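Q: Mind looking over this structure? Questions follow.
The values are calculated or read from the model by the stated rules, or taken from the named source; none is laboratory data. This one's a predicted model, so the numbers in the text were calculated from it and none came from an experiment. FYI the Cβ positions are ideal-geometry reconstructions off the backbone, even for glycines, and counts take in every protein chain you see. When the accessible area is computed, the model is the full protein with side chains, heavy atoms only, and any ligands, DNA or RNA have been set aside. Shrake-Rupley method; radii C 1.70, N 1.55, O 1.52, S 1.80 Å.
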Amino acid sequence: MRSTLALALLPVASAINIISTNDDGWAEVNIRSIYNALGAAGHSVVVSAPAENQSGTGSRDETPSARTEPCDFDSCPADSGPYGTNETDTRLNWVNSYPVTSIKHGIDTLAPHFFNGLPDLAVSGPNVGNNLGLVIHFSGTVGAASYAAGAGIPAIGFSGADGTPTAWDAAVPAYSTIYADLATKIVERVVAAGAPYLPEDTWLNVNFPTVDSCSSADDFSFVFSRLFTALPLITADDVQTCGSTRLPTERSVVGTDGCYVSISVGTSDKEDASAAVQREVLEKLGDFLSCLP
């Protein structure tokens with residue numbers, strides 16, 4: 001169940017048009033949880049995600065082919081073509097290809113139909129499992145978010161430590177609800193800061209820790225971080241915050257005891273953004289962010 005207190009504490013944001021995808025498949029519970037949470041917050045959301053689990057496919061992109069077998073969790077019948085739509089909710093759509101292909105279909109085909117234009121924001125995930133360090137380069141969740149950023153659509157990729165692939169019609173795990181609430185908080189803060197929501201050619205990589213000791217979204221703090229470990233004497237300084245010109249890595253944030261969410265700024269080529277670009281995002285997020293203990 002969504003926390004009404006969590007919603008009440010969100011900054012005031014305008015309702016926007018959002019394309020949603022993932023790499024775990026359109027019928028996985030996490031993408032349905034974020035779809036419901038963002039919709040409950042007043043946003044217009046359309047899902048365009050792979051017909052089946054495409055984890056680890058990075059930025060692969062291939063013209064969809066007709067399916068010969070049912071979609072994951074029997075969420076579509078065999079021999080159902082290269083694209084499909086939920087019969088009772090046409091905003092839920094699958095693509096028989098990769099996450100990048102799916103987000104492209106969402107941006108180029110579904111958004112003009114549902115939004116009468118481009119989406120305001122793309123969200124990818126929440127992925128089942130964190131996307132940290134070198135894994136970022138192989139993640140389909142990241143591949144979709146970075147593609148959207150390169151196509152001029154502000155994007156956020158979400159990943160969570162907990163869970164295993166779970167069907168949309170199973171009992172919703174507590175972690176899935178919490179991750180969806182956290183993702184909605186972040187979207188609301190980004191939108192409340194005003195357009196342009198993110199600097200050009202950038203996306204946010206967000207990793208949620210395990211929820212074992214964190215019973216609701218209100219228990220978490222958000223920490224500004226970087227994608228990759230900085231190399232001494234080689235990597236340029238990050239934006240100055242929390243008394244340092246070096247941001248913590250995402251791995252160190254989600255690995256800290258407590259309830260800490262990492263938020264990093266990536267470029268469309270899946271690298272850390274410059275300090276100047278980080279500063280733009282830091283100013284937008286402001287007091288939404290905390291420092292590690």
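Q: Would you confirm whether or not segment 111-119 contains a residue that is among the small types (G, A, S) and within 18 Å of A195 (Cα to Cα)?
A: yes
Q: I'd like to know if segment 200-215 contains one or more residues that are charged (D, E, K, R) and under 21 Å from Q278 (Cα atoms).
A: Yes, segment 200-215 contains at least one residue that is charged (D, E, K, R) and under 21 Å from Q278 (Cα atoms).
Q: Separate question: Quick one: count up the residues across segment 201-223 that are open to solvent by 10 Å² or more (accessible area, probe 1.4 Å) and of a type in the set (A, V, I, L, M).
A: Residues flagged as open to solvent by 10 Å² or more (accessible area, probe 1.4 Å) and of a type in the set (A, V, I, L, M) within segment 201-223 amount to 1.
Q: Additional query: Checking the structure you have, find out if any residue of segment 84-93 is touching a Cys at 6+ places or on another chain (Cβ under 8 Å), surrounded by 17 or more Cβ atoms within 10 Å (Cβ to Cβ), in contact (Cβ under 8 Å) with a residue 12 or more places away in the chain and outside any helix (DSSP H, G or I).
A: Yes, that holds for at least one residue.
Q: If you don't mind, another one. So which residues in segment 136-162 are open to solvent by 10 Å² or more (accessible area, probe 1.4 Å), small (G, A, S) and more than 12 Å from V100 (Cα to Cα), if there are any at all?
A: Result: G152, A161.
Q: Here is a follow-up. Across segment 84-101, which residue is farthest from S59 (Cα to Cα) among those that are polar (S, T, N, Q) and more than 18 Å from the chain's Cα centre (by Cα)?
A: Taking the candidates together, the pick is T88.
Q: Now, a different point. Is it the case, given these coordinates, that S65 is at pLDDT 95 or above and either open to solvent by 10 Å² or more (accessible area, probe 1.4 Å) or part of a loop (DSSP other than H, G, I, E, B) (or both)?
A: Spelling it out, S65 is indeed at pLDDT 95 or above and either open to solvent by 10 Å² or more (accessible area, probe 1.4 Å) or part of a loop (DSSP other than H, G, I, E, B) (or both).
Q: Could you list all residues from segment 70-83 that are in a loop (DSSP other than H, G, I, E, B) and exposed (fewer than 14 other Cβ atoms within 10 Å of the Cβ)?
A: Within segment 70-83, P77, A78, D79 meet the criteria.
Q: Related question: Out of everything in segment 248-259 that is charged (D, E, K, R) and open to solvent by 30 Å² or more (accessible area, probe 1.4 Å), what residue ends up being farthest from the chain's Cα centre (by Cα)?
A: Per the stated criteria, the residue is D257.
Q: Any chance you could count how many residues in segment 1-60 are within 15 Å of S176 (Cα to Cα), open to solvent by 40 Å² or more (accessible area, probe 1.4 Å) and either modelled with pLDDT of 95 or more or within 16 Å of the chain's Cα centre (by Cα) (or both)?
A: Of the residues in that region, 1 qualify.
Q: I'd like to know if segment 232-247 contains one or more residues that are under 21 Å from A183 (Cα atoms), modelled with pLDDT of 95 or more and open to solvent by 30 Å² or more (accessible area, probe 1.4 Å).
A: no
Q: Of all the residues that make up segment 260-283, how many are more than 18 Å from the chain's Cα centre (by Cα) and among the basic types (K, R)?
A: Adding up the residues that qualify gives 1.
Per-residue answers, yes or no, for (1) closer than 16 Å to N22 by Cβ; (2) out of contact with any helix residue (DSSP H, G or I) (no Cβ under 7 Å at 6 or more places or on another chain); (3) at pLDDT 95 or above:
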| site | (1), (2), (3) |
| --- | --- |
| G125 | yes, no, yes |
| G129 | yes, yes, yes |
| F158 | yes, no, yes |
| A174 | no, yes, yes |
| D181 | no, no, yes |
| D212 | no, yes, no |
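Q: Taking only segment 272-292 into account, find how many residues are part of a loop (DSSP other than H, G, I, E, B) and either β-branched (V, I, T) or closer than 13 Å to D238 by Cβ (or both).
A: So the answer is 2.
Q: May I ask you to say which residue of R226, R189 is on the phi < 0 side of the Ramachandran plot and open to solvent by 30 Å² or more (accessible area, probe 1.4 Å)?
A: That would be R189, the only listed residue that is on the phi < 0 side of the Ramachandran plot and open to solvent by 30 Å² or more (accessible area, probe 1.4 Å).
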